[in-house]
Amino acid sequence: LPIQSEAPPPSAEQANPALATFDQAREAFQGGDYPGALKLVEQALKALPNDATLHEFRALCLFAMKRYDPAAASLYAVLSVGPGWDWTT
């Protein structure tokens, strides 16, 4: 899915629950539960479909699950609107 970089920012009512779900996704990923992390980040993306960080994390989950083609597609959408993460991220 293309990321709409010109879209207005989401309201706090949309963003806060989605970011809490993203925190859960990161915890799942760090625990090695890549499918669980993917499911959670996809939930967050329903509320924040234009968030490049969520899309990049989704790509990371897919890559960790060796689903390289969908990972590349997701990452391409991120890189089309700006630079990706650096090593520190």
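The values are calculated or read from the model by the stated rules, or taken from the named source; none is laboratory data. Just so we're clear, the structure is a prediction, and the values are computed from it rather than from any experiment. For neighbour counting, all protein chains shown are included, and Cβ atoms are generated from backbone atoms with ideal geometry for every residue, glycine included.
Against the conditions (1) at pLDDT below 95; (2) exposed (fewer than 15 other Cβ atoms within 10 Å of the Cβ), where does L75 fall short? Just the number, please.
Result: L75 passes all but (2).
Look through region 1-13, keep the residues that are touching a helix residue (DSSP H, G or I) at 6+ places or on another chain (Cβ under 7 Å) and surrounded by fewer than 13 Cβ atoms within 10 Å (Cβ to Cβ), and return whichever of them is farthest from R58 (Cα to Cα).
Checked region 1-13; the qualifying residue farthest from R58 (Cα to Cα) is P2.
Hey, among G36, G32, G84, which residue is at pLDDT below 95 and not hydrophobic (A, V, I, L, M, F, W, C)?
Of the residues listed, the single one that is at pLDDT below 95 and not hydrophobic (A, V, I, L, M, F, W, C) is G84.
For region 21-47, give me each residue that is under 17 Å from A59 (Cβ atoms) and hydrophobic (A, V, I, L, M, F, W, C).
Listed by number, the residues that qualify are F22, A25, A28, F29, A37, L38, L40, V41, A44, L45.
Taking into account only those residues within region 28-60 that are under 26 Å from S5 (Cβ atoms) and among the aromatic types (F, W, Y), which is surrounded by the fewest Cβ atoms within 10 Å (Cβ to Cβ)?
Applying the filter and picking the extreme gives F29.
Within the set of pairs 6+ apart or on separate chains, which have a first residue in region 1-27 that is touching a residue at least 60 places away in the same chain (Cβ under 8 Å), a second that is in a loop (DSSP other than H, G, I, E, B), and C-beta atoms under 6 Å apart?
Here the result reads I3/N50; I3/V81; S5/V81, each pair linking region 1-27 to a residue that is in a loop (DSSP other than H, G, I, E, B).
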